[in-house]
Amino acid sequence: MSVKVYFGKQTTKGTEATELVDLGVTDFSGGEKYNTIQSEVLSGASASGDKYLVGIDVNFSTPIEWSLKTLETAMPGIGYKEVGKKPNIYKIAEEGANYYTVILYDSLNKQVTKFVDTKMNTVTLNITKGALINGSIEWIGTKVEITDENDFGTTYKSKIAKSDRGETLVGLDAKIKLGSSPVEDIESVVLTINNALEAKGALNSIHAKRIVRTGLQTTELTVDFNYYDKTRFKSIKDKAVNNQSEKLEIVLGGESKSNVKLEFPKLTIGSNERGDYKGEGTQNIAFGASINNSESSPMKITFTDITII
């Protein structure tokens, strides 16, 4: 594929990012959707009349493979800010999700597509045994601009981070604790963060003017175990019925110096299901993260020994 996608945090709305990182996309879909309204003036025949453009929606999806650098660059996009250095610690911020610049460079067609003032609406991270750690970012934007290849060389090439995005994280390297105990029979974990955003327009423009939050951010996890443990199943059931919370810790990057730890101090149990009744059984647990904990954040994310842009 002749396409590369870069992203970078903006300092403010309306100001392009000054530094860009290779997002590590595996595909790209979406873009502009043209909203029209149908005229209802009677035409004297049984056929529709004119349609008029009344607005343009900008929504696109970037399936990706996560690296430590892309994950850290995405932190402001989920509304998290740095609260400590060496190691770099992130917690949720009052300001909410940050604006980003996204650049799609198509070298085959010699074309640059620029998305400015975009925000991450939904972010997913999939940790699966025997697979690379992948996921996706669902973006919501305000405007799209298309220029030729020369614009990439003169405007954006100098903004690309000098160090590359780094290696893709591998599911096999994940270390997980449920409660205070290490767990070795987890087959997959899916983390989904929804910022609950919507683009808002105005009478004087076909483009959205700003992106606003329409609800509270949600952080949800689903955990799949590769066999049924009756003691664990009963323990989770008892906690759910008694309105007790659980906690989870995930370390990505293995035993190397550079890794990231995701801590979920307070998880509400949404469901606890048994499966594979023909075989030895499986277990699936759904959690929702709460901000009401000692860290005052649904997640606490710690990056160790990472070179930041």
Practice prompt. With respect to Ile37, determine if the residue is surrounded by 15 or more Cβ atoms within 10 Å (Cβ to Cβ) and either among the aliphatic types (A, V, I, L, M) or at negative phi (or both).
Written response: no
Worksheet item: Restricting to segment 5-18, what's the tally of residues that are more than 18 Å from the chain's Cα centre (by Cα), among the charged types (D, E, K, R) and surrounded by 16 or more Cβ atoms within 10 Å (Cβ to Cβ)?
Response: 1
Worksheet item: Can you find even one residue in segment 249-265 that is out of contact with any helix residue (DSSP H, G or I) (no Cβ under 6 Å at 6 or more places or on another chain) and farther than 23 Å from Leu71 by Cα?
Response: no
Fill in: Selected residue [under 28 Å from Phe303 (Cα atoms), small (Gly, Ala, Ser), in contact with an Asp or Glu (Cβ under 6 Å, 6 or more places away or on another chain) and buried (at least 20 other Cβ atoms within 10 Å of the Cβ)] from Gly24, Gly79
Gly24
Worksheet item: Val58 passes all but one of (1) among the β-branched types (Val, Ile, Thr); (2) surrounded by fewer than 21 Cβ atoms within 10 Å (Cβ to Cβ); (3) in contact with an Asp or Glu (Cβ under 9 Å, 6 or more places away or on another chain); which number fails?
Response: (2)
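So is Asn194 at pLDDT below 95 and not acidic (Asp, Glu) or not? Give the steps one after another, and end with the answer.
Details: at pLDDT below 95: no; not acidic (Asp, Glu): yes.
Judged against the criteria, Asn194 is not a match.
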Response to the item:
Of the residues in segment 97-114, those that are under 28 Å from Val212 (Cβ atoms) and either in contact with a Pro (Cβ under 6 Å, 6 or more places away or on another chain) or surrounded by fewer than 16 Cβ atoms within 10 Å (Cβ to Cβ) (or both) come to Asn98
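Considering only residues that are of a type in the set (A, V, I, L, M), in a strand (DSSP E or B) and at pLDDT 95 or above, which ones fall in segment 257-309?
In the first step, residues of segment 257-309 are kept if they are of a type in the set (A, V, I, L, M); the result is 260, 262, 267, 269, 285-286, 289, 291, 299, 301, 306, 308-309.
Still in the running and in a strand (DSSP E or B): 260, 262, 267, 269, 285-286, 289, 301.
Matches in segment 257-309: Leu262, Leu267, Ile269, Ile285, Ala286, Ala289, Ile301.
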Worksheet, complete the sentence: Subset of segment 187-223, residues surrounded by fewer than 20 Cβ atoms within 10 Å (Cβ to Cβ) and of a type in the set (A, V, I, L, M), comes to Val190, Ala196, Ala202, Leu203, Ile206, Val212, Leu216
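Kindly establish whether Leu172 is aliphatic (A, V, I, L, M) and either crowded, with 17+ Cβ neighbours inside 10 Å or assigned to a helix (DSSP H, G or I) (or both).
Judged against the criteria, Leu172 is a match.
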Worksheet, complete the sentence: Checked segment 15-64 for anything in contact with a Pro (Cβ under 7 Å, 6 or more places away or on another chain) and acidic (Asp, Glu); matches are Asp27
Worksheet item: Pick from segment 1-15 the residues that are within 16 Å of Ile140 (Cα to Cα) and outside any strand (DSSP E or B): which of them is modelled with the highest pLDDT?
Response: Gln10
Item to complete: Return the residue satisfying two criteria in turn: it lies in segment 118-144 and is charged (D, E, K, R) and modelled with pLDDT of 95 or more, and of such residues it is surrounded by the most Cβ atoms within 10 Å (Cβ to Cβ).
Response: Lys119
Response to the item:
For segment 225-249, pairs from a residue that is surrounded by 14 or more Cβ atoms within 10 Å (Cβ to Cβ) to a residue that is small (Gly, Ala, Ser), with Cβ under 6 Å and 6 or more apart or across chains, are Tyr228/Gly281
Fill in: Leading residue by the ranking (surrounded by the fewest Cβ atoms within 10 Å (Cβ to Cβ)) among those in segment 154-169 that are of a type outside the set (S, T, N, Q) and assigned to a helix (DSSP H, G or I)
Lys157
Discussion item. Under 8 Å between Cβ atoms, which residue pairs at least 6 apart in sequence (or on different chains) link something in segment 158-174 that is within 15 Å of Phe7 (Cα to Cα) and hydrophobic (A, V, I, L, M, F, W, C) with a partner that is assigned to a helix (DSSP H, G or I) and at pLDDT 85 or above?
Written reply: Ala161/Lys69
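Could you check segment 197-224 and list, in sequence order, the residues that are free of Cβ contacts under 8 Å to residues at least 60 places away in the same chain, over 27 Å from Ser290 (Cα atoms) and assigned to a strand (DSSP E or B)? Quick ask: steps written out before the conclusion?
Let us first name the residues in segment 197-224 that are free of Cβ contacts under 8 Å to residues at least 60 places away in the same chain, namely 198, 200, 202-205, 212, 214-216.
Retained after the next criterion (residues that are over 27 Å from Ser290 (Cα atoms)): 200, 202-205.
Lys200, Ala202, Ser205 - these are the residues of segment 197-224 that are free of Cβ contacts under 8 Å to residues at least 60 places away in the same chain, over 27 Å from Ser290 (Cα atoms) and assigned to a strand (DSSP E or B).
The values are calculated or read from the model by the stated rules, or taken from the named source; none is laboratory data. Just so it is clear, the model here is predicted, and its values are computed rather than measured. No Cβ is skipped: glycine too gets one built from the backbone with ideal geometry, and neighbour counts run over all protein chains shown.
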